[in-house]
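The values are calculated or read from the model by the stated rules, or taken from the named source; none is laboratory data. Bear in mind that the values here come from a model prediction, so they are computed numbers and not experimental data. Cβ: placed from backbone, ideal geometry, glycine included. Neighbour counts: every protein chain shown. We work out accessible area using only protein heavy atoms, side chains counted, and drop any ligands, DNA or RNA first. Shrake-Rupley method; radii C 1.70, N 1.55, O 1.52, S 1.80 Å.
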Amino acid sequence: MFQGSANFVGRQHELCLLQELLQQPGAVAISAVSGMGGVGKTELATQYARQHQADYPGGICWLNARESNLAAEIVQFAQLYMNLEVPQQDLRGRQLSLTEQVHWCWQHWQPTEGLALVVLDDIIDLGSCREFLPTAHRFRVLMTTRLRNLDTNIEEISLDVLSPEEALQLLTKLVGERRVQKEEETAKLLCEWLGYLPLGLELVGRYLAKKPPHWTLAKMLQRLKQQRLQDEAINRHQKQLQQTLSTAQLGVLAAFELSWDELDPTTQRVGELLSLFAPDIFAWEWVESATSRLNWDASEVETAVGQLYERHLIQWVEDKSGDFDDSYKIHPLIREFLKLKRAASEQVDELKQDLRTNNITTVIASEGKQSQPALFRSACVSPMKRAFAETFIAIAKTIPYSPTRRDIESVKDAIPHLAEVAQNLTDAVSDENLPWAFTGLSRFYEGQGLYAIAQPWLEQCVSVVQSRLGEEHPDVATSYNNLASLYKSQGRYTEAEPLYKKALELRQRLLGDEHPSVATSYNNLASLYKSQGRYTEAEPFYKKALELRQRLLGDEHPDVASSYNNLAYLYKSQGRYSEAEPLYKKASELFQRLLGEEHPDVATSYNNLAGLYESQGRYTEAEPLCKKALELQQRLLGEEHPDVATSYNNLALLYESQGRFTEAEPLLLKALEIAEHSLEENHPHTISIRKSLKSLHDNR
């Protein structure tokens with residue numbers, strides 16, 4: 001039996017639960033402690049045995065259930081520790097089987113009275129040891145296992161990683177309080193990187209304890225980030241570990257390897273696929289989507305989730321939103337382990353494909369066709385990466401230009417994995433889908449008014465698309481346009497204008513004047529001019545956009561409704577109310593008919609028509625429209641969206657126009673709070689709301 005760690009922390013609840021379960025009277029009490037490799041199952045069993053030795057006057061028997069013949073080990077234990085002469089034959093001279101010898105050992109256990117504890121450490125197959133378990137009431141059996149749900153008749157305690165506080169406490173015990181206090185934030189980051197796994201913390205802590213004081217925690221963390229699981233601090237050789245009294249006799253890699261070796265080949269491949277996911281929760285249906293693209297057998301993939309879950313290589317996560325019943329997460333060190341396995345498999349696959357790749361390279365060298373670099377790139381990227389990327393590109397394409405709260409909620413768990421594609425796997429994305437990784441991310445964040453988070457994705461989109469497709473490509477024009485629209489939303493008009501112009505020129509040159517994308521460029525450039533008060537420059541572009549959309553798309557199209565709305569907004573800004581009203585009404589009717597009542601564009605059309613009525617002093621007509629717009633936007637977009645701030649502001653201005661100052665003020669304060677949070681202090685809309693609030697105070 002191991003000595004146990006002097007640095008043991010936490011687990012008081014589990015120790016109490018073990019004692020409660022194992023002290024139950026009656027039949028043999030069997031309890032299993034299960035969990036991933038390195039989570040501290042053996043250490044918990046050791047600590048329990050040490051702390052409760054007095055409760056077992058019949059003795060404690062510790063058996064290794066993984067690496068030995070369990071029956072032979074039980075017989076040997078009886079011979080060595082109880083000085084029993086285990087008979088080889090019965091009284092008639094018949095040879096006793098090993099199973100019969102084991103039963104004889106339990107029957108003649110020494111001491112003859114009192115509870116006895118039998119610890120079976122690291123059970124990998126209950127069936128192989130079931131017949132060797134004691135049956136007398138005096139025995140209590142404690143098992144540790146990497147498997148989940150060993151048997152319905154066995155009480156199971158599932159062991160998780162330490163809490164952040166317990167992990168820091170363990171590290172402090174190992175490396176010293178002074179060292180941790182000196183670099184407390186780094187110590188917390190080190191615990192987080194190790195995923196609060198006791199084995200990882202103990203190995204790193206013991207490694208650091210042997211280093212001189214100048215060996216900082218920051219240096220240790222940097223090395224781990226660079227060398228990952230290959231670093232000697234957590235990948236110690238078994239011989240080195242056996243020279244200590246610690247329970248930990250394996251490095252992290254070796255501990256995980258034991259579970260890995262028990263998996264079916266398909267399950268191992270699924271595990272490698274999981275290493276591509278971001279370190280966040282994921283839905284199993286995304287794994288199935290990727291594996292179906294790889295033409296893997298669906299029944300084998302279904303088996304894989306069971307094997308991975310059973311061995312604690314993945315953990316089920318309850319999805320509180322209710323969108324997915326099959327959400328999982330992976331421990332960060334398990335993820336690192338799976339990445340190593342994937343890298344090794346990819347090396348083998350690359351060797352197998354060398355001849356084919358060389359042939360493609362020869363073709364590219366001999367023929368200068370533009371399509372061939374994509375062919376070469378496709379050959380160099382693993383099918384697994386392509387399938388993963390395609391799965392999340394498909395999700396990105398479902399995010400609408402103006403997402404509602406429901407849209408945001410439905411894709412939020414996929415966003416970290418889409419970001420993984422955009423950051424690390426663009427080589428696995430086809431040319432035609434390349435912008436979608438970034439566009440999906442920007443729509444997700446822009447749709448919530450989180451413009452600062454959306455910005456780097458759209459800037460990266462311009463860079464990546466230009467690099468891959470060259471300057472003369474329609475997707476480059478689209479990436480210019482999208483970035484310009486974001487800048488406009490942020491009030492950065494001088495940065496937006498040259499990008500809008502470049503997008504327009506490029507689209508005209510590549511697509512010709514008769515194209516919907518050209519109409520979009522006209523519309524967007526006009527909208528920018530309108531926001532700057534450059535009405536005479538805006539009007540011809542708005543009109544060209546409307547005419548082109550009507551000609552190309554027909555009158556029954558949302559883009560045509562948008563053009564009606566925009567041109568009406570321009571006329572209203574110029575005081576041309578009689579020209580604006582019919583256009584606003586046409587836009588509103590068209591949006592409702594084409595998009596349905598529950599759509600952000602419908603709310604916008606209500607707001608705009610209400611603004612026109614307010615400008616004309618038609619307050620009784622304006623108020624119900626303002627309220628409908630606000631209620632619809634709150635329902636669809638959430639309380640913290642910039643458009644909701646606009647609606648609060650509009651309703652407040654309507655009340656102010658009627659002298660209803662006490663009703664206007666709280667609405668303006670709400671509008672300002674939202675705008676300052678989502679649009680920042682110096683955004684034109686924030687400044688406008690602030691001016692409205694000052695004007696209200698001045699006029700009261």
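Is it fair to say residue 524 is touching a helix residue (DSSP H, G or I) at 6+ places or on another chain (Cβ under 7 Å), touching a residue at least 40 places away in the same chain (Cβ under 8 Å) and either farther than 21 Å from residue 602 by Cα or aliphatic (A, V, I, L, M) (or both)? So residue 524 does not fit the description; no.
Tell me, which residue of region 467-480 that is without any contact (Cβ under 8 Å) to a residue 40 or more places away in the chain and more than 16 Å from residue 505 (Cα to Cα) is surrounded by the fewest Cβ atoms within 10 Å (Cβ to Cβ)? Ranking the candidates gives 467 first.
Could you check, for region 93-115, whether at least one of its residues is among the hydrophobic types (A, V, I, L, M, F, W, C) and touching a residue at least 40 places away in the same chain (Cβ under 8 Å)? For region 93-115, residues among the hydrophobic types (A, V, I, L, M, F, W, C) and touching a residue at least 40 places away in the same chain (Cβ under 8 Å): present.
Rundown of residues vs (1) part of a helix (DSSP H, G or I); (2) under 36 Å from the mean Cα position of the chain (by Cα), yes/no style:
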{"residue": "622", "(1), (2)": "yes, no"}
{"residue": "629", "(1), (2)": "yes, yes"}
{"residue": "636", "(1), (2)": "yes, yes"}
{"residue": "648", "(1), (2)": "yes, yes"}
{"residue": "674", "(1), (2)": "yes, yes"}
{"residue": "681", "(1), (2)": "no, yes"}
{"residue": "689", "(1), (2)": "yes, no"}
{"residue": "692", "(1), (2)": "yes, no"}
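Pairing each residue of region 202-223 that is more than 14 Å from residue 176 (Cα to Cα) with any residue that is modelled with pLDDT under 85 and open to solvent by 20 Å² or more (accessible area, probe 1.4 Å), provided the two are 6+ apart or on different chains, yields C-beta distances under 7 Å for 203/236. Among the conditions (1) within 21 Å of residue 449 (Cα to Cα); (2) β-branched (Val, Ile, Thr); (3) open to solvent by less than 40 Å² (accessible area, probe 1.4 Å), residue 398 misses just one, which is (3). The test for being assigned to a helix (DSSP H, G or I), open to solvent by 30 Å² or more (accessible area, probe 1.4 Å) and modelled with pLDDT of 90 or more does not hold for residue 662.
When residue 546 is tested against the conditions (1) open to solvent by 10 Å² or more (accessible area, probe 1.4 Å); (2) at pLDDT below 95, the lone failure is (2).
Scanning region 41-48 finds no residues that are of a type outside the set (Ser, Thr, Tyr) and part of a loop (DSSP other than H, G, I, E, B).
Can you report the number of residues in region 673-693 which are open to solvent by 80 Å² or more (accessible area, probe 1.4 Å), of a type outside the set (Asp, Glu) and either closer than 19 Å to residue 454 by Cα or in contact (Cβ under 8 Å) with a residue 24 or more places away in the chain (or both)? Looking only at that region, the number is 3. The condition (being open to solvent by 60 Å² or more (accessible area, probe 1.4 Å) and either of a type in the set (A, V, I, L, M, F, W, C) or touching a Lys or Arg at 6+ places or on another chain (Cβ under 8 Å) (or both)) is satisfied by just one residue among 654, 612, 594, 553: 594. Residues in region 487-513 that are touching a helix residue (DSSP H, G or I) at 6+ places or on another chain (Cβ under 7 Å), part of a loop (DSSP other than H, G, I, E, B) and either at pLDDT 95 or above or not polar (S, T, N, Q) (or both): 491 only. Among the residues of region 12-39, those identified as in a loop (DSSP other than H, G, I, E, B), loosely packed, with under 14 Cβ neighbours inside 10 Å and either at negative phi or in contact with a helix residue (DSSP H, G or I) (Cβ under 6 Å, 6 or more places away or on another chain) (or both) are 23, 24, 25, 27. Taking first residues from region 646-658 that are within 13 Å of residue 613 (Cα to Cα) and partners that are among the β-branched types (Val, Ile, Thr) and surrounded by fewer than 24 Cβ atoms within 10 Å (Cβ to Cβ), no Cβ contact under 6 Å between residues at least 6 apart in sequence or on separate chains turns up. The number of residues in region 448-466 that are open to solvent by 10 Å² or more (accessible area, probe 1.4 Å) and farther than 19 Å from residue 525 by Cβ comes to 13.
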